[in-house]
Amino acid sequence: MLARYAAKAGLQHNMPPHRLWHFLFTWLKSQGIDDALIQPYSGHASRTSLEIYSKIALGPAQATYDGVIDQFPV
């Protein structure tokens, strides 16, 4: 099911679910969705912990990230 949605969105076929999870919340933040609306769906205990999604920039940085993340040694 995840592969089908990833393909429909034009994302990598082998994108791990956790990366897609972070991508979703980063995208919601970039669209101006308030933390109060995101927090119940994210599973984060507080809105403060959602700040990380505000600091992640999509766009040109995403291509760089995609190019190196698969080389992460873990």
Original post:
Expressed in nm to one decimal, what extension gain is obtained for the pair Asp70 and Ala7 from 0.36 nm per residue of sequence separation less their Cα-Cα distance?
Top reply: 20.8 nm
Subject >> Burial ranking of peptide ranges 21-29, 45-53, 63-71, 3-11 (average Cβ count within 10 Å, highest at the top) >> reply: 21-29, 45-53, 3-11, 63-71
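The numbers here are math on the coordinates, done by the rules we state, and not lab data. Owing to the predicted nature of the structure, the values given are computational and were not obtained by experimental measurement. When we count neighbours, we look across all protein chains shown, and the Cβ atoms used for this are built from the backbone with ideal geometry, even at glycine.
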